[in-house]
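The values are calculated or read from the model by the stated rules, or taken from the named source; none is laboratory data. Since we're looking at a predicted model, the values are computed, not measured. Here the Cβ positions follow ideal geometry from the backbone for every residue, glycine too, while neighbour counts run over all protein chains shown. Surface accessibility is based on the protein's heavy atoms, side chains included, excluding ligands, DNA and RNA. Shrake-Rupley method; radii C 1.70, N 1.55, O 1.52, S 1.80 Å.
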Amino acid sequence: MFNRSRRSLAHWFALSMGSILMLFAGVIYYQRAVDRLEENDRLLYTKARFMAANVNYEWRQGKEHFDLSSVPILGRYSPPSDSNLVYARWYSSTGRLRQFYGVQPSDQVQAIAAFETLQAHPEWLRQLTLPVDYNGRTIGYLQIAIPLTDAQTALKELLSIMTIAVPLTLGAISLAGWVLGGIAMQPIRNAYSQLQRFASDASHELRAPLATILSNAQVGLVSPVDNGKTKHMRLEKIAETAKSMSRLVTDLLFLARQAGQLDSNSIQSTNLNDLLKETLLSPSIQSNAHQLNIHLELPEEIIMIQGNPDLFRQAITNLMTNACKYTLPKGTVWLRLVSQYHRILIQVEDTGIGIPEPDLPHIFERFYRVDQERTRKKGGSGLGLAIAQQIVEAHGGRLTVSSQVGKGSLFQIELPLP
Ligand code: ADP
């Protein structure tokens, strides 16, 4: 599935970039051709103007007299060695041929178009037919032509460079598309495998309590009617397992519903000093806090944030419950609120058992437990930290941890100042 998407991404990338490249190459080729033609036209025009300026014309006794002897090439001068004119022709005002140099043309001027490209053999020609005026009246036409060999050679060279460069660039683009496709697919691959792991963990976690409920119910049903104490024990076990399962399902639902951004209607101005004090009194913290020293450290000033107070209470409760659960009797747990220059910190620190270094990068993953057996006995499902992290991130903050085995852990919520 991923390889197909990667191939399709690379394919579309190569196709779009390839089309842009081809278009670009076409525009460059066209522009070069136009430039060369304009260069030739300028040269042709300058030559024609120079020749036309040397035509001597007179109107004597009701007749026109032409003297072309001073016109270069057409006149008595032989063509200069650097002249690349293929031919030069002089036509009268009625279009009749009067004088020429080069190939013998037809008697009548063919078309009086200024510039023309003629596909003659062996080379193409660029021809200019220039009307020559005297006192506002056209007295004749001068027609000259130069070969387009230089321009054709330059364009041929450009074309052969492009024939090599374009496929090579297309190959490089396809390769880049494949590599970029791989990079683009990586986060999707990770998200997909996370989702798969989550689904398999969730079904595994739900299967165990379901099996307990079922087996206890079955044993309860087959035990003798008078065996009241055993039945009571079985029912208690069923109720306990059902409670933990309902907690698990609630947590799962919470994670699914709270994914992404906060609902803007639930955001309100929240006094963090009061919120921390209230949270500390919550039954889930109190029930885990026997024989522990709990310290609440608040700053003198009131710290306000924009957020969802219920969600915040939930995140701090999860961190505090963990700190109490994983700290041995007579240990200490601190809940601190600190306001710094550009951020707010909420710290939950304990002198508990700590978390081994290799487990630290994973503890915010759903269902991750450092010691499966021990944490399951403490009633943990491995979702508490994932929920806390999701809440903090939805508020634009960061949840971090530092811990040392046997010394304790410090969980820190870092929030930007509102
Ligand atoms: P659980 O509900 O199992 O506690 P969490 O997601 O809250 O799940 O925590 C994940 C794991 O991180 C726990 O199983 C526990 O091993 C470890 N952990 C979390 N907080 C602490 C802490 N303060 N001290 C030691 N270990 C902790």
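Return the distance in nm (one decimal) between the two label points of a simple spin-label model at Trp178 and Ser339, each offset 7 Å from Cα along Cα→Cβ.
5.9
Under 20 Å between alpha carbons, and skipping anything fewer than 8 positions from Lys407 in its own chain: which aspartates and glutamates qualify?
Glu349, Asp350, Glu357, Asp359, Asp371
Modelling each spin label as a point 7 Å along the Cα-to-Cβ direction, I'd like the Asp133/Glu297 distance in nm, to one decimal.
9.7
Which stretch or stretches of region 123-139 have amide N atoms under 20 Å from the point lying 7 Å from Thr94's Cα along the Cα→Cβ direction?
Within reach of a label on Thr94: 131-134, 137-139.
Accessible area, 1.4 Å probe, largest first: how do Leu170, Leu272, Leu292 sort? Let's see the in-between values first.
On the way: Leu170 55, Leu272 0, Leu292 20 Å².
Most to least solvent-accessible, the answer reads Leu170, Leu292, Leu272.
Along each of its three principal axes, how wide is the spread of alpha-carbon positions in region 265-416, in whole angstrom units, largest first?
Sorted from largest, the Cα extents of region 265-416 read 41, 30, 28 Å.
Give the long-range amide H neighbours of Ile294: residues separated by 5 or more places, or on another chain, with amide H under 5 Å away, using H modelled in the peptide plane at 1.01 Å from N.
HN-HN under 5 Å from Ile294: Val333.
Scan around Ala120 for amide H atoms under 5 Å from its own, H built in the peptide plane at 1.01 Å from N, and keep only partners 5 or more places away or cross-chain.
The answer is Leu125.
Taking the Cα atoms only, what angle lies between the long axis of helix 228-257 and the longest principal axis of the chain, rounded to 10 degrees?
20
Sequence neighbours fewer than 8 away in the same chain don't count; with that in mind, list the aspartates and glutamates whose C-alpha is under 18 Å from Lys231.
Glu240
Largest first, what is the accessible-area ranking of Asp274, Asp41 with a 1.4 Å probe?
Details: Asp274 65, Asp41 25 Å².
Accessible-area ranking of Asp274, Asp41, largest first: Asp274, Asp41.
Report the relative contact order of the chain, percent, no decimals, based on alpha-carbon pairs under 8 angstrom and at least 6 residues apart.
Values: 570 pairs, mean separation 45.5, N = 418.
Computed over the chain, the figure is 11 percent.
If you fit an axis through the alpha-carbon atoms of helix 2-53 and take the longest principal axis of the Cα set of the chain, what angle between them do you get, 0 to 90°, nearest 10?
20
I'd like the accessible area for Thr270: 1.4 Å probe, protein heavy atoms, all chains in place, Å² to the nearest 10.
Only protein atoms counted, so the area is about 10 Å².
As a test of the formula, what do you get for the chain when each DSSP H run with n ≥ 4 contributes -39,500 (n - 2.57) and the sum is divided by the residue count, at 222 nm and rounded to the nearest 500 deg cm²/dmol?
On the way: 8 runs with 203 residues, N = 418.
When only DSSP H runs of four or more count, the value is -17000 deg cm²/dmol.
Keeping all protein chains in the complex and leaving out DNA, RNA and ligands, what accessible area do you get for Met1 with a 1.4 Å probe, in Å² to the nearest 10?
Ignoring ligands and nucleic acids, Met1 comes out at about 130 Å².
Please report, in debye to the nearest 20, how large the charge dipole of the chain is about its Cα centre when each Lys and Arg carries +1 at its beta carbon and each Asp and Glu carries -1 there.
Numbers: 41 positive and 36 negative charges, 207 e Å.
Dipole magnitude for the chain comes out near 1000 debye.
Extending each Cα 7 Å along its Cβ direction at Glu240 and His11, get the distance between those two points in nm, one decimal.
It works out to 5.9 nm between the two label points.
Suppose we keep just the DSSP beta bridges with both residues in the chain; what percent of those would be antiparallel, to 5? All intermediate terms of the calculation are to be shown ahead of the outcome.
Details: 56 of 61 bridges.
Counting only bridges with both partners in the chain, antiparallel ones make up about 90 percent.
Could you pull the accessible area for Ser264 with a 1.4 Å probe, rounded to 10 Å²?
Probe radius 1.4 Å; accessible area of Ser264 about 90 Å².
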